[in-house]
Amino acid sequence: QLIAPPLMVLALTLTLPLWLLPVVLVVMVTIFWNVAIDRVPLYLTNEETALELSKRLPKGEGLKIVDLGSGLGGTMRLLAQHRPDQQFIGFEGALMPFLLSWVFTKFSKGTNIRFQFKNFWRLDLSEFDVVYCFLSPVPMADLYAKAKSEMKPGSLFISNSFTVPEVRPSRTISVKDGRKTKLLVWEI
């Protein structure tokens, strides 16, 4: 919002071709689709937080970890590198971030990671041992209810920064990063 007015002035002074405006609109829609539908913007987990998450994942071969709204896939790629004995999957509902995460993953060395273009509301969470999300405050109550009803006892629901209203987390992990990120963990 801050840079939009100067960009508008710049665009008007450059006499850009008319076809460029719909192209920009289409690209923006493919990136920010989730804002209009689920009110979930594109938030990217920073490396410090992903490393802290890697340290805190349960030990065990074959555990399945999912990132709901995986964005560009950086969190899952980092976790997959640090935990080669576990399976990682990211679900992204916005087309452009999904495509980028898929392409970036093709160039990484991980064989224990995959991404799917799918809205996480259509998932059955029962197959996952850990559910991670960095969404927004809006869906948290409904998503926690979904996790609680579908996930196995002992599995973990982890939210980056956003709490579930009126439900205290089992534990809170403070990350030493510039944002002072908190990982909120609920044991199901």
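For the peptides 16-22, 171-177, 90-96, what is the packing order when you average, over each peptide's residues, the other Cβ atoms within 10 Å and list the highest mean first?
In descending order of packing, they fall as 90-96, 171-177, 16-22.
Let me understand the range 101-188 better: what is its radius of gyration from the alpha carbons, and its Dmax, in angstrom?
14.4, 42
Taking Cα centroids, how far is the range 16-63 from the range 161-188 in Å?
The range 16-63 and the range 161-188 have Cα centres separated by 20 Å.
Subtract the Cα-Cα distance of Glu150 and Ala11 from 0.36 nm times their separation in residues, and report this length gain in nm to one decimal.
45.1 nm
Using amide H atoms built in the peptide plane, which far-off residues or other-chain residues are under 5 Å from Gln86 H to H?
Those qualifying (amide H under 5 Å, at least 5 residues apart or on another chain) are Gly62.
Based on the alpha carbons, how large is the Rg to Rh ratio for the range 1-80 when Rh follows Kirkwood?
A ratio of 1.17.
Quick one: plug the Kirkwood hydrodynamic radius of the range 143-185 (C-alpha pairs) into Stokes-Einstein at 37 °C, 0.692 mPa s, and report D in µm²/s.
Roughly 291 µm²/s, to the nearest whole number.
Output the relative contact order of the range 43-188, whole-number percent, from Cα pairs under 8 angstrom with separation of 6+ residues.
21 percent
Quick one: pull the percentage of alpha-carbon pairs in the chain with a separation above 28 Å.
Result for the distance tail: 29 percent.
Arrange the peptides 129-140, 4-15 so that the one whose residues have, on average, the most other Cβ atoms within 10 Å appears first.
Listed from highest to lowest mean packing, they are 129-140, 4-15.
All of the numbers you see were taken from the coordinates with simple rules; none came from a lab. This one's a predicted model, so the numbers in the text were calculated from it and none came from an experiment. So basically every Cβ, Gly included, is an ideal-geometry build from the backbone, and we count neighbours across all protein chains shown.
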